[in-house]
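This report concerns only the one structure given below.
The values are calculated or read from the model by the stated rules, or taken from the named source; none is laboratory data. Treat the numbers as computed from the prediction; the structure is a model and nothing was measured. We place every Cβ from the backbone using ideal geometry, glycine too, and count neighbours over all the protein chains shown. These accessible areas exclude ligands, DNA and RNA; they are computed on the full protein's heavy atoms, side chains included. Shrake-Rupley method; radii C 1.70, N 1.55, O 1.52, S 1.80 Å.
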Amino acid sequence: MDNPTHFFSRRRPRDTSAASVAVIGLGRFGGALATELTRSGTEVLGIDTDEDIVQSLNGVLTHVVRADSTKQAALEQLGVLDFDRIVVGIGSDIQASILTTSLLKKMGARSIWAKAISEQHGLILDQLGIEHVIFPEADMGRRIAHLVRGAMLDYVEFDRDLVVAKTVAPSEMAGLTLEQSAVRRRFGVTVVKIKGSDGEWHAAGASSVVGEGDLLIVIGPVEKTERFAALA
C-alpha cells in the first residue's frame, strides 16, 4: 500500500528523557526487538506491510501501523524522523530494505540501524552510509559457537577481539582475593563482577574474595577469556 492503514501522528511534545524507536519490518527479528523495547519502557512505532503481523502486535507495541516503507510519503506521514532511532528490520525483501534505508538517509534520519542478511546486503547498506549494520543471524551463530565449545555461561562480543563473558570461578581461586590469584597477570582477563552466595552481583576489586562456585563476569580477548573459562 502507498499510504499507512491509518494516519499516525506524534503531535504531543516528546519526552526527551525517554528514547523512542521506529522499527520498520516486524518479522522475527524486528518483532522481537520492538516488543522488548516496548517492555523496557521505550516508545515504539512498529511498521510492516503485513496486516496479520500488524494486528498481532496491536496492543503490544506503543504504536503499530501497516504501511509501505519504500514510499517517502508514508514515512513522512508517520513522522519517523521524530524518533530518536530507526531500525530497518526488513530481511526477506532486500530491495525493500535498500529502498527504505536509502529514503531514510535522503530524508535526513539521524540514527539508522539496519538488518543485513548477507555480506553483500551489508556492503550495500554500508555504502549507503548506514551507521549501524546488524547481522543478527551471523552474530548469534558466533555467540552460540563460543558457548557450545567452551565453559562460558554467557558471551557478548564488543569488538573483534574483546568479549565479556559469564563463567564459574575456577576452584583454584576459592578463598583468595583477586590480587592473590593474579587473574589479570596470569590469564590476561579482568574480573569486573562477582556473584557470590548472597545471590547479588558485586563490583570486583583487588581485595574481593572469590568463593567456591561463585559466578564471575570477565572481560578480555576471545582466546584468553575462553582459556580462563575452561579452568572452571
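Candidates are the residues of region 137-150 that are open to solvent by 60 Å² or more (accessible area, probe 1.4 Å) and over 21 Å from L216 (Cα atoms); the one that is modelled with the highest pLDDT is E137.
For V44, the test of being of a type in the set (V, I, T) and touching a Lys or Arg at 6+ places or on another chain (Cβ under 6 Å) is failed. Filtering region 151-190 to residues that are open to solvent by less than 20 Å² (accessible area, probe 1.4 Å) and either farther than 16 Å from I217 by Cα or within 23 Å of the chain's Cα centre (by Cα) (or both) leaves M152, Y155, V163, A165, T167. Residues that are at pLDDT 90 or above and either open to solvent by 50 Å² or more (accessible area, probe 1.4 Å) or aromatic (F, W, Y) (or both) within region 90-101 comprise D93, I94, Q95, L99, listed in sequence order.
The single residue among G59, G27 that is touching a residue at least 40 places away in the same chain (Cβ under 8 Å) and open to solvent by 10 Å² or more (accessible area, probe 1.4 Å) turns out to be G27. Do we find a residue being touching a strand residue (DSSP E or B) at 6+ places or on another chain (Cβ under 6 Å), open to solvent by 20 Å² or more (accessible area, probe 1.4 Å) and either in a loop (DSSP other than H, G, I, E, B) or at pLDDT below 95 (or both) anywhere in region 191-200? No - not one qualifying residue is present in region 191-200. Checked against (1) of a type outside the set (G, A, S); (2) out of contact with any His (no Cβ under 9 Å at 6 or more places or on another chain); (3) modelled with pLDDT of 95 or more; (4) surrounded by fewer than 18 Cβ atoms within 10 Å (Cβ to Cβ), V218 meets all criteria but (4).
Checking I86 against (1) free of Cβ contacts under 8 Å to residues at least 12 places away in the same chain; (2) in a strand (DSSP E or B), which single condition isn't satisfied? Looking at each condition in turn, I86 falls short on (1).
If you go through region 67-100 and keep only what is under 12 Å from G25 (Cα atoms) and polar (S, T, N, Q), you end up with S69, T70, S92, S97, T100. Would region 120-136 turn up any residue that is in a helix (DSSP H, G or I), modelled with pLDDT of 90 or more, open to solvent by 90 Å² or more (accessible area, probe 1.4 Å) and hydrophobic (A, V, I, L, M, F, W, C)? Looking through region 120-136, at least one residue is in a helix (DSSP H, G or I), modelled with pLDDT of 90 or more, open to solvent by 90 Å² or more (accessible area, probe 1.4 Å) and hydrophobic (A, V, I, L, M, F, W, C). Using beta carbons and a limit of 7 Å, which pairs, at least six apart or on different chains, have the first residue in region 151-162 and at pLDDT 85 or above and the second one part of a loop (DSSP other than H, G, I, E, B)? Pairs that qualify, where the first residue is at pLDDT 85 or above and the partner is part of a loop (DSSP other than H, G, I, E, B), are L162/P221.
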